[in-house]
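To start, the structure under review is shown below, and the notes come after it.
What follows draws every value from the coordinates through simple rules; no lab data is involved. Worth saying up front: this structure is predicted, and the values here are computed from it rather than measured. Glycine also receives a Cβ, built like all others from the backbone with ideal geometry; neighbour counts cover every protein chain displayed.
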């Protein structure tokens, strides 16, 4: 390793420790690691961090140049001294407003209790496990003590049924009672449970169109427009199970026929509304499997924020300057890693290069596109070390 490279390594930045740097001319002289601290190694006559205090400190570890430096020690030196700023892809969790439409008619039978238990346990736990800021708007009268205790329950005490005059009409008639509780920044999700033995959902007494059409006509700023919905409708109805049975029907799946029980109907109009709004469909008969849909609802609120394509240059310690000739970016994704090099200008850009613009390191456009698409991307700015070490 050259003296100039060593000066960069030990004296220019010391960025990882952020504790300031010594002038290279006063760095500790050594002939072997025994002359250095327990967590240092002697490299080309100077002590540098080794990151492994258990290594025998008495063993000589001097190296003539960068290419002969032991690989693990070289990596330790890069990580300990050369790493500057770091940018990571991160998760953003949006809040969820779950507007629940529970059929509480006598025909629901034991399914009514299954819905209550599922909302109290599996739904609540799915949201909490995913660390979602959720709220349940319950359009019904069934007691929900566990949800009540969370402080996340908004109750609209109406009675919904399965006929065209009871499936959606009470919720629409009381729209002004529950609508103000919705949060502007939350995902709006309708969760509908019904055996639909006496209606299909194709018409609503006193209203024009299906439930989704009524909503978008009433307040498009909140609900969007047909073809550009700002909400999702998930239906738990009496349709036949998917294959495998634990999988919900996706919005891309066609309308399916058949029922999961002879006592339930399969309302095609509700299936079509789920498909239009990007929702899932699941058999009402299989209460233990409801959590599959609940987890998917939680996952929909988790978004990946792309790694930043720009990083600010770090400030050099007092009395020192950055050696911009040594700039590099390490791109890490899982176990894979590569180093991006500085391009002289935009014409020299590649998908493995970056530009230096004033006080910023900016990924070349093709590099930005490639790395932004990686939800596990980590970018680490390296500076102050011999480029051969990277």
At the level of C-alpha centres, the distance separating the stretch 214-255 and the stretch 140-165, in angstrom, is 21
P(r) histogram, all alpha-carbon pairs of the stretch 232-367 included - 5 Å bins from 0, percent: 2, 9, 14, 13, 9, 5, 5, 6, 8, 9, 8, 6, 4, 2, 1, 0, 0
Contour minus Cα-Cα span, residue 240 to residue 358, at 0.36 nm per residue, comes to 36.3 nm
Largest-first semi-axes in Å of the equivalent ellipsoid built from the Cα gyration tensor of the stretch 92-304 are 22, 20, 18
For the pair residue 225 and residue 321, how long in nm is the line joining their label points, each one 7 Å along Cα→Cβ? 5.8
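How would 249, 229, 207 line up from fewest to most surrounding beta-carbon atoms within 10 angstrom? Provide the component values of the computation, followed by the final result.
Working: 249 22, 229 19, 207 16.
Ascending Cβ contact count within 10 Å gives the list 207, 229, 249.
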Just rank 256, 100, 378, fewest to most, by other beta-carbon atoms within 10 angstrom. 256, 378, 100
Grab the Cα-Cα distance for residue 129 and residue 369, subtract it from 0.36 nm times how many residues apart they are, and report the gain in nm with one decimal. 83.2 nm
